[in-house]
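Trainee: Here it is, the structure in full.
None of the figures in this text is laboratory data; all of them are computed from the coordinates on show. These numbers come from a predicted model, not from an experiment. Neighbour counts run over all protein chains shown; Cβ positions are idealised from the backbone, glycine included.
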There are 2 protein chains.
Amino acid sequence: MALIVQKFGGTSVADLDCIRNVATRVKKEVDQGNQVVVVLSAMAGVTNQLVGWANEVSDFSDHNQYAEYDTVVCTGEQVTVGLLALCLQNMGISARSWLSWQLPIKTDSFHSKARIESIDTTNIRSSLDKGEVVVIPGFQGITEEGRLATLGRGGSDTSAVAMAAVLEADRCDIYTDVDGVYTSDPRIVTKARKLNKVSYEEVLEMASLGAKVLHTRSVEMAMKCGVKVQVRSSFSDAQGTMLVEEEEVMERRLITGIAYSRNDAEITLSKVENIPGVAAHIFGPLAEREINVDMIVQSIGDDGNTTDITFTVPKEEVHNAVEAIENSQIKYDKILSDKDVAKISVIGVGMRSHAGLAQKMFQTLADKGINIRVISTSEIKISVLVSEEYLELALRALHTAYDLDDKEAE
Amino acid sequence: MALIVQKFGGTSVADLDCIRNVATRVKKEVDQGNQVVVVLSAMAGVTNQLVGWANEVSDFSDHNQYAEYDTVVCTGEQVTVGLLALCLQNMGISARSWLSWQLPIKTDSFHSKARIESIDTTNIRSSLDKGEVVVIPGFQGITEEGRLATLGRGGSDTSAVAMAAVLEADRCDIYTDVDGVYTSDPRIVTKARKLNKVSYEEVLEMASLGAKVLHTRSVEMAMKCGVKVQVRSSFSDAQGTMLVEEEEVMERRLITGIAYSRNDAEITLSKVENIPGVAAHIFGPLAEREINVDMIVQSIGDDGNTTDITFTVPKEEVHNAVEAIENSQIKYDKILSDKDVAKISVIGVGMRSHAGLAQKMFQTLADKGINIRVISTSEIKISVLVSEEYLELALRALHTAYDLDDKEAE
């Protein structure tokens, strides 16, 4: 008898038919003699509606107001857990919902972006021991003060992984609307292949780079706690993708996947006075406004006395960032911003031990006449910023160049 | 400084504009230096949708399943309390929502039709003492087992009155989409007058007879606990109707109002064998099926050996009732059922001390050529069953006959 945590996202519980489908997925595990804990999202679109309402009636000038925001937003999952429990009971399966305050799942007090601090498993264990399927709302918990708190968007993945960790579950299956993690976005790269296994580190880079497979925090937690996570589709029986330790990735590949993001904008300051600490002068004001700067490149100007600095910030922060710099003491000639850029990242743990992988990226893009605007690297990824119009061309060229194409799709 | 409980129904919180309007109503009391506890319903239509979903996925063959039903249905009010608290905070008014489990409000374990057993006022008092407006979801509480339970439809009125009772509030204002209790339904009787005061007993008869002013249980509780209830509109500043003790109704009127109901159906058994205990034989099988029989009339047949029995049951129970009788041992000639009937009731505490009020009803209807099919009376009301097609005619004629017409509207 195994203990399985199953997590179903918003599209998997979008309506009553979907919820019934989830119930049959749960039943399969029950029929195999497994104990099952189900973690659910709200119906697709519901959380957005609730958040929209809250934003319409409040400007959240005081962070304490997010306690009420959370009270509102928590209801989405409460609906789906009750409905799934009813579906299961109606199929003759013993089941019950446990709300976060009934367990409890305790979080810190940072409303709307809370973090799970502890999960009391007493009620879950006794419910499982009674032969019940335990159904739990994802994305939420209660604070020390006994108020509802949400974990921030995508938090249901984190709830599921945390639940699997404290219960020492044999597996945590994340059901979603795709059937696994792919070498690249199949909507753009038709020859993308599904990966049977991928390391936590790699999927973490992919998630943070915009591949919407799993919430970043959930992967971090899975990695830290060694939770066996499987990403699979709730709409097909296809094998999913297992998240494993780096050494367990048996396929001897150098590059695992190619991710991209359209979330960044490029800002360039030309002819900045080249004095010591110039970077601190620029990025200090941005840090004060909590603007997350990602890629940075600095080049010496023609005259040798000035420098050009280019960096990226989230698209929605461009105005804020430009304002911060204009209001600072920094001396420069011009400030330019461009939102029509895309970040492309080649990811693979193989990079740790192989040189020349970056060069292949630069050469491939050069061959296609694609200009690289900024470069940044980490131990297991190389990211470049290009004009957004080249995104699809670049993705497909790199996918082929790194030998990732699905041979059967050719 | 007074302590006011304000209750707003579903149409009063139907959308964000309505909720903002509620916030301004609350602000008025706050500006007058009053402490305010607000009890809210779900947005109009939301509870129906949630109930609909629950009914679609479950047949509720086991009553325990209603625990999950309640988990789902309770979310409607959780949304509105959070949104109102946000609105108030955004207007600069200190406010917070308290969910039923955070107080707690304790109920019995009869899910979907639970009754409030106790309300812990500790948190409410300390919240009020901090100068906060306390916002509470109506219609719900938690059971001894710590599960959410709903009070049944219209239960928010009961929540508000119970809250006013335990807090010994100075007033309980029930805000709705009508501006008070009328002598009759203004949509039919254009000359209906709003009552400034009405006794608990009278409004109780009106409520149970289909005048959808207040939930019956809430009136019973207000009467028992002496809660000063005012019914008023959330969309106008007009004075509402105060519920008071019988002796406080200063207007020397005999008849207070004329209510009606289209919820009943008539069943007639002809030529029933007239033996002792025949009524028990008929109504026993109905009671077994929990069918609520209301009006009953028995008349001796022409032959003297048989009797005709006519009674009313809720419309939706007609089929069930006929089946119960057909499957019983009762001997009769024919069974007839008619759904096209309406019950009209003349209500007034003045009846206790004045004779001849029933006769006026019968005469008025006779003058209009309206046949009375069944009659029943209580201490403060006379009800008759008539063909539904005469309903409006009868209501207007009786309203005039009992001198209830608004002189200004004439």
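Trainee: How much length would be gained if the chain were fully extended between B:LEU357 and B:ASP59, taking 0.36 nm per residue of separation minus their Cα-Cα distance, in nm to one decimal?
Mentor: 102.5 nm is the gain from fully extending B:LEU357 to B:ASP59.
Trainee: Quick one: net charge around B:THR310, please, counting Lys, Arg +1 and Asp, Glu -1 for every other residue with C-beta under 11 Å from its C-beta.
Mentor: Its environment carries a net charge of -2.
Trainee: Mind checking the mean number of beta-carbon atoms from other chains within 10 Å of the Cβ atoms in A:65-77?
Mentor: Rounded to a whole number, the mean comes out at 6.
Trainee: Between beta-carbons, use under 10 Å as the cut-off and find the net charge around B:LEU40, counting Lys and Arg +1, Asp and Glu -1.
Mentor: Within the 10 Å Cβ shell, the charges total 0.
Trainee: Moving on. Sort A:PHE283, B:PHE8 so the one with the fewest other Cβ atoms within 10 Å of its own Cβ comes first.
Mentor: Fewest-to-most ranking of A:PHE283, B:PHE8: A:PHE283, B:PHE8.
Trainee: I've got another one for you. What are the ³J(HN,Hα) values, in whole Hz, obtained from phi via the Karplus relation 6.51 cos²θ - 1.76 cosθ + 1.60 with θ = phi - 60°, for each residue of the range A:162-177 in sequence order, with x given for Gly and Pro?
Mentor: 4, 4, 4, 5, 5, 8, 6, 5, 6, 7, 10, 9, 9, 8, 9, 9
Trainee: Where the centroid of each part is defined by its Cα atoms, how far is the range A:246-307 from the range A:327-368 in Å?
Mentor: One Cα centre to the other: 8 Å.
Trainee: Looking at the protein assembly as shown, what % of its DSSP beta bridges pair antiparallel, to the nearest 5?
Mentor: 60 percent
Trainee: Which order do the peptides B:75-81, B:234-240, B:318-324, B:200-206 come out in when sorted by mean C-beta neighbours inside 10 angstrom, highest first?
Mentor: Order by mean packing, descending: B:75-81, B:200-206, B:318-324, B:234-240.
Trainee: Same structure, new question: Going by how many other beta carbons lie within 10 Å of each one, how would you line up B:PHE139, B:PHE60, fewest first?
Mentor: So the ranking, lowest neighbour count to highest, is B:PHE60, B:PHE139.
Trainee: Let me ask something else about it. For the range A:247-410, please report how many Lys pairs fall under 26 Å Cα to Cα, leaving out neighbours fewer than 8 apart on the same chain.
Mentor: The result is 23.
Trainee: Using r as the Cβ-Cβ distance of A:SER233 and A:HIS319, and R0 as 51 Å, what FRET efficiency do you calculate, to the nearest 0.05?
Mentor: That gives a FRET efficiency of 0.85.
Trainee: Oh, and also: So how far apart, in nm, are the two label points at A:ASP333 and A:LYS130 if each is 7 Å from Cα heading toward Cβ?
Mentor: 7.5 nm
Trainee: Let me ask another. Tell me, what ³J(HN,Hα) does each residue in the range B:229-245 have, in order and in whole Hz, if you take phi through Karplus 6.51 cos²θ - 1.76 cosθ + 1.60 with θ = phi - 60° and put x for Gly and Pro?
Mentor: Residue by residue, the range B:229-245 yields 9, 10, 9, 8, 8, 7, 10, 8, 9, 4, 4, x, 10, 8, 8, 9, 5 Hz.
Trainee: Return the percentage of antiparallel bridges among DSSP beta bridges fully within chain B, rounded to the nearest 5 %.
Mentor: About 60 percent, rounded to the nearest 5.
Trainee: Given H placed 1.01 Å from N in the peptide plane, which residues other than close sequence neighbours of A:LYS197 have an amide H under 5 Å from its amide H?
Mentor: Here A:MET242 satisfy the definition.
Trainee: Could you list B:ARG352, A:ARG253 in order of exposure, starting from the residue whose Cβ has the fewest other Cβ atoms within 10 Å?
Mentor: Exposure proxy ranking, most exposed first: B:ARG352, A:ARG253.
Trainee: Take peptide B:39-45, look around each residue's Cβ out to 10 angstrom, count Cβ atoms belonging to other protein chains, and average those counts.
Mentor: Mean shielding count: 0.
Trainee: Shifting gears a bit: Quick one: 3J(HN,Hα) in Hz for the range A:314-320, Karplus 6.51/-1.76/1.60 with θ = phi - 60°, rounded, Gly and Pro as x.
Mentor: Coupling constants for the range A:314-320: x, 3, 6, 9, 4, 4, 4 Hz.
Trainee: Another question about this same structure. If you build a Gaussian network model of chain B, linking Cα atoms that sit under 10 Å apart, which residue out of B:THR216, B:THR122, B:THR190 swings the most?
Mentor: Ranking B:THR216, B:THR122, B:THR190 by mean-square fluctuation puts B:THR122 first.
Trainee: While we're looking at this one, here's another question. Would you kindly state how much longer the chain becomes between A:THR190 and A:GLU326 on full extension, computed as 0.36 nm times their sequence separation minus their alpha carbon distance, in nm to one decimal?
Mentor: Residue separation times 0.36 nm, minus the Cα-Cα distance, leaves 44.6 nm.
Trainee: Right, another one. Cα centroid distance between the range A:123-200 and the range B:58-114, in Å?
Mentor: A separation of 26 Å, based on Cα centres.
Trainee: May I pose another question? Quick one: grab the alpha carbon gyration tensor of the protein assembly as shown, order the square roots of its eigenvalues as a ≥ b ≥ c, and give me rounded if a/c is under 1.5, else prolate or oblate depending on whether a/b is larger than b/c.
Mentor: Cα axes put the protein assembly as shown in the prolate bin.
Trainee: Can you compute the helix-only [θ] at 222 nm over chain A? Use -39500 (n - 2.57) per DSSP H run of at least 4 residues, normalise by all residues, nearest 500 deg cm²/dmol.
Mentor: Helix contribution divided over all residues of chain A: -10000 deg cm²/dmol.
Trainee: Sticking with this one: Given R₀ = 41 Å, FRET efficiency for B:ASP170-B:LYS113 by Cβ-Cβ distance, to 0.05?
Mentor: 0.85
Trainee: Given the convex hull of the Cα atoms of chain A, what is a quarter of its surface area in nm²?
Mentor: Projected area, direction-averaged: 22.5 nm².
Trainee: Also, I was wondering about something else. I want the antiparallel fraction of DSSP beta bridges within the range B:1-118, as a percent rounded to 5.
Mentor: Given both bridge residues lie in the range B:1-118, the antiparallel proportion sits at roughly 25 percent.
Trainee: Just counting partner chain Cβ atoms within 10 Å, what average do the residues of peptide B:15-25 show around their Cβ?
Mentor: 1
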